[in-house]
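The structure under discussion appears below in the form of structure tokens.
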């Protein structure tokens, strides 16, 4: 009897995901809660554990394929039935089946019932999921799912009369699963000459590590496999810049191979239209921003602030404590204090009941530009943190921002957003409120400007704050009160002591 493992509900209304990599192959023996597939939803990349134990019978879907909630991911057969079928076909009695990535003692003791697990870390039984095999799957060594099946022994060919050697066949592209066999047959090493780079040609037998789903998707949309490029990252990792360099090379006349003999002109891609699908994270962001613009009657106010004293306070903290505090962390502390004085800005609107829901906890969202696009990870319970804990929480989010690998729980529940778009080199922005929140505060770049101090012209470090708020929640007086409070704290950080 076989059981079907369906794509579970990934939460937050997400109904589809993209297969990133299979962690098992048909014929592997697995245990309950063992991770079997890595998928990318619109918010994060997660490993899904199997709710069943047994022998993997079939896999449904290839890496890069979009699947929807409720579709079959794989089927698991009862191990006893699988052993009986193998015994009928085998000449010698086979050894005990090996569980991929799991000790033999654990495999033999594994139950065969369902665990009800949805995501890694959730289930009704003690997890027996092995450690994530990043090095085995993403950095060069093929997983079991990528390895070709061992060929059955064939009878030796009948002797024939000697013939002249056939001319060598032209090179052909092979799939990733076929590359090891193709390399072995050709007698050439697994890695070709280093002279072949991502800016020159695509190597049909190369297998470079590719981690980022964005890189894989970008290459796939342009008609090639990113793993066929020579990566410029660590351990040959293919980066987005490698794919973009290859695309730029293809769009230049120098990309035409020298051996091409056709006289037809090569069309330039400079004027060609490109269709970019709105999917994954971009689809979720588009829907949320569209809802915000459609439902929220927003208003924007802004203020130029002298931040010279803020930098002086940061240096004083370093001298007094030996610890570094970022300017963003200090402003975040001022924002949390301001929301305690103006709590109506820490709200959302319930359109169904026509009520303003004022939240008791401050869950501070920090807008972050990642390789997957704009994301807003949330610091839950920011109101209960001191400046040091808030600084550490922001630093943890910044460390995860480059690849955007945030847990789904870190991207939900925000009540107010802080957006430091000054890091992008701009002074200000009329930002879009992160629906269903009621306000967002933007921080522009901090640069030296002429400023009047005590009726004299001086050079000061100035920043522009821009505040966008939901006019249904409050009027301009409340929003202006909050903005000027944060500005006073920036201009004179000691003033915050009066409110602690």
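Where a number appears in this text, it was derived from the coordinates with a stated rule and is not lab data. On a predicted model such as this, the values are computed, not experimentally measured, just so you know. All Cβ positions, even for glycine, are placed from backbone atoms using ideal geometry, and neighbour counts span all protein chains on display.
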Practice problem: Calculate the spin-label point distance for residue 65 paired with residue 304, positioning each point 7 Å from the Cα along the beta-carbon direction, and give it in nanometres. | Solution: 5.9 nm
Quiz item: Which order, highest average first, do 408-417, 472-481 follow once you tally other Cβ atoms within 10 Å for each residue and take the mean per peptide?
Solution: 408-417, 472-481
Quiz prompt | Shape category assigned to the stretch 374-500 from the gyration tensor of Cα positions, a/c cut at 1.5 | solution = prolate
Quiz item: What relative contact order, as a whole-number percentage, does the stretch 416-500 give when Cα pairs under 8 Å and 6 or more residues apart are counted?
Solution: 24 percent
